[in-house]
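J.: Structure below; questions to follow.
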Amino acid sequence: MATLEYHGHSCFVIESTHGRVILDPFLKDNPRADVAPENVGQVDAILVSHGHADHFGDTLAIARQHRATVVAAYEIASWCESKGVAAHGMATGGAHDFPFGWVKLVPAAHGSLFEADPAFSTNPVGFLYRVEGKLVYHMGDTALTADVRLVGELNRVDLLLAPIGDNYTMGPDDALKAVEFIRPGLVVPMHFDTFDVIRQDAGEFQRRVEEAGHRCHVLAPGETLEF
């Protein structure tokens, strides 16, 4: 059994017997975050989907505090290493076994700018993360694409973390179609309500997902669930 903690926007912590992993740690400047980066607890690894500030966020500070390994696209990982933190670079389609679990980078259709240093800009990704025999798909910031359908065809996803905010990512309609493609055991929406332009009715999204025959749970920042 593993535990999922939500900290607003697209930031989650997954805790298991193999360690604690934080994904897209946007906390300090996140108006919906329930915790400051220095109080997020012990972290063994940081998974970063892309270089926008609302996802890369507090990666360096958390990595330095906990000596955590940053897992990201090769270019972002290389920049992190140049700043003195441990990092493991990967490329889209690649997978690797870590002490904290198995990770594979999958495509995400989104902007590519690495805001901390544009010279290191690279492709955005989503993550497949397997731990305790369960597969989590953190979609990152993405549009609805055929790649999303392929992930569902090739994998049995237990937990889907899906953006629903629209404007910068999929909106609720496309996210519902993604759920139909992937057929996960459970859906948790993310990347909504942080800013006015991505305000959504997550409860209505949950109703539509459940009406379509799938399980959905809306987490408020600070809430947890076991999966």
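The values are calculated or read from the model by the stated rules, or taken from the named source; none is laboratory data. Note that the structure is predicted; figures quoted are calculated from it, not measured. Cβ placement follows ideal geometry from the backbone for every residue including glycine, while neighbour counts extend to all protein chains displayed.
J.: If a residue has to be under 13 Å from Ala212 (Cα atoms), assigned to a helix (DSSP H, G or I) and basic (Lys, Arg) to count, how many in the stretch 141-184 make the cut?
T.: 1
J.: Identify, please: which residue in the stretch 91-137 is without any contact (Cβ under 8 Å) to a residue 40 or more places away in the chain, in contact with a helix residue (DSSP H, G or I) (Cβ under 8 Å, 6 or more places away or on another chain) and not in a strand (DSSP E or B) and is, among those, surrounded by the fewest Cβ atoms within 10 Å (Cβ to Cβ)?
T.: The qualifying residue surrounded by the fewest Cβ atoms within 10 Å (Cβ to Cβ) is Ala91.
J.: Could you count how many residues in the stretch 199-227 are out of contact with any strand residue (DSSP E or B) (no Cβ under 9 Å at 6 or more places or on another chain) and either touching a residue at least 40 places away in the same chain (Cβ under 8 Å) or assigned to a loop (DSSP other than H, G, I, E, B) (or both)?
T.: Number satisfying all stated conditions: 4.
J.: Go through the stretch 16-28 and report how many residues are out of contact with any Pro (no Cβ under 8 Å at 6 or more places or on another chain), surrounded by fewer than 23 Cβ atoms within 10 Å (Cβ to Cβ) and charged (D, E, K, R).
T.: So the answer is 1.
J.: Also: Please name all residue pairs, on different chains or six or more residues apart, with Cβ atoms under 7 Å, provided the first residue is in the stretch 49-64 and is assigned to a loop (DSSP other than H, G, I, E, B) and the second residue is buried (at least 22 other Cβ atoms within 10 Å of the Cβ) and polar (S, T, N, Q).
T.: Close Cβ pairs (under 7 Å, with a partner that is buried (at least 22 other Cβ atoms within 10 Å of the Cβ) and polar (S, T, N, Q)) do not exist here.
J.: Still on this structure, please answer the following. Is one or more of the residues making up the stretch 47-62 on the phi < 0 side of the Ramachandran plot, over 13 Å from the mean Cα position of the chain (by Cα), small (Gly, Ala, Ser) and crowded, with 22+ Cβ neighbours inside 10 Å?
T.: No.
J.: Hey, can you tell me all the residues within the stretch 185-198 that are surrounded by 13 or more Cβ atoms within 10 Å (Cβ to Cβ) and either outside any strand (DSSP E or B) or modelled with pLDDT under 95 (or both)?
T.: Residues of the stretch 185-198 that are surrounded by 13 or more Cβ atoms within 10 Å (Cβ to Cβ), as a first pass: 185-195, 198.
Those that are surrounded by 13 or more Cβ atoms within 10 Å (Cβ to Cβ) and either outside any strand (DSSP E or B) or modelled with pLDDT under 95 (or both): Gly185, His191, Phe192, Asp193, Thr194, Phe195, Ile198.
J.: Shifting gears a bit: Scan the stretch 70-86 and give yes if some residue there is in a loop (DSSP other than H, G, I, E, B), in contact with a Pro (Cβ under 8 Å, 6 or more places away or on another chain) and either charged (D, E, K, R) or more than 15 Å from Leu23 (Cβ to Cβ) (or both), otherwise no.
T.: no
J.: Could you say which residue among Gly133, Gly101 is within 16 Å of Val71 (Cβ to Cβ) and either at pLDDT 95 or above or not basic (Lys, Arg) (or both)?
T.: Gly101
J.: Before we move on, is Asp24 over 21 Å from Thr3 (Cα atoms), under 17 Å from the mean Cα position of the chain (by Cα), at pLDDT 95 or above and of a type outside the set (Phe, Trp, Tyr)?
T.: no
J.: With the requirement that a residue be touching a strand residue (DSSP E or B) at 6+ places or on another chain (Cβ under 8 Å) and aromatic (Phe, Trp, Tyr), what does the stretch 116-154 give you?
T.: Phe127, Tyr129, Tyr137
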